[in-house]
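Right, one structure below, let's go through it.
The values are calculated or read from the model by the stated rules, or taken from the named source; none is laboratory data. Quick caveat: nothing in here was measured; it's all calculated off a predicted structure. Ideal geometry is used to build each Cβ from the backbone, glycine not excepted, and the neighbour counts take in all protein chains shown. Side chains are part of the model used for accessible areas, which takes the heavy atoms of the whole protein and leaves out ligands, DNA and RNA. Shrake-Rupley method; radii C 1.70, N 1.55, O 1.52, S 1.80 Å.
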Amino acid sequence: MKLGIIIFAVLFSTVLYASEPKPHQPHWRSVLQIGHTLIDAHHWNSHLMIPSIGFDLEYWPTKRVGVGLHTDMEIQSFVIQDIEGDDIYRQYPLVKTVDVLWKPWKDLVILAGPGIEFERSKSYALFRLGIEYEIEFGRHWDLSPTFFYDNRFGHQYNTFSFALGIGKRF
């Protein structure tokens, strides 16, 4: 009799555990970033380091693949020269990209996608390549160091950016 109760208890608890719903896996992630953008003025003998802020909104339909709308703004005006030697005035340029996101290993994210840098005087099309690592520290909260490269078409100027973001999955 005792053996029957033990077997019943083990089987019943296994059935209850198996029928329990899986924990909610959030598909959305928003990130607020602060960082710096290094402007690669290869025709100069110097580089500009501009403070920047960013906001990302990502959708992850699977654990490894997602898509993101990434928005960054340099929070300083600056002047650089284009490849012909003409001055280019940039006043708080805003960059928007649509990136494909891929997690090849743990929480390492590789991102790539097209975008546009918007600015009053002239906007530039660009392509972004980047890498970040999400470090989860609470219930769906994470800290993410990020590095990305924006290649503007026409070789006007290119930028390297690094930032630290705080993200929330929902």
Checklist outcome for this item: Checked against (1) under 17 Å from Ser161 (Cα atoms); (2) loosely packed, with under 13 Cβ neighbours inside 10 Å, Arg120 satisfies every condition except (1)
Item to check | Enumeration of residues in region 114-131 that are touching a Ser or Thr at 6+ places or on another chain (Cβ under 7 Å) and either of a type in the set (Phe, Trp, Tyr) or under 14 Å from Phe153 (Cβ atoms) (or both) | outcome: Pro114, Gly115, Ile116, Glu117, Arg128
Next on the checklist: Among the residues of region 155-170, what is the count of those that are over 10 Å from the mean Cα position of the chain (by Cα) and within 17 Å of Pro93 (Cα to Cα)?
Outcome noted: 8
Next on the checklist: Among the residues of region 125-160, what is the count of those that are part of a strand (DSSP E or B), farther than 25 Å from Trp28 by Cβ and hydroxyl-bearing (Ser, Thr, Tyr)?
Outcome noted: 2
Item to check | Residue selected from region 77-92 under the condition in contact (Cβ under 8 Å) with a residue 40 or more places away in the chain and of a type outside the set (Asp, Glu), by the criterion most open to solvent (accessible area, probe 1.4 Å) | outcome: Ile83
Item to check | Candidates Ser46, Ser52, Ser30, filtered to the one that is surrounded by fewer than 13 Cβ atoms within 10 Å (Cβ to Cβ), hydroxyl-bearing (Ser, Thr, Tyr) and either under 29 Å from Ile135 (Cβ atoms) or modelled with pLDDT under 95 (or both) | outcome: Ser46
Checklist outcome for this item: Of the residues in region 91-124, those that are outside any strand (DSSP E or B) and farther than 25 Å from Glu74 by Cα come to Lys106, Asp107
Checklist entry - Within region 93-113, can you find the residues that are open to solvent by 50 Å² or more (accessible area, probe 1.4 Å) and either among the basic types (Lys, Arg) or touching a Lys or Arg at 6+ places or on another chain (Cβ under 7 Å) (or both)? => result Lys96, Trp102, Lys106
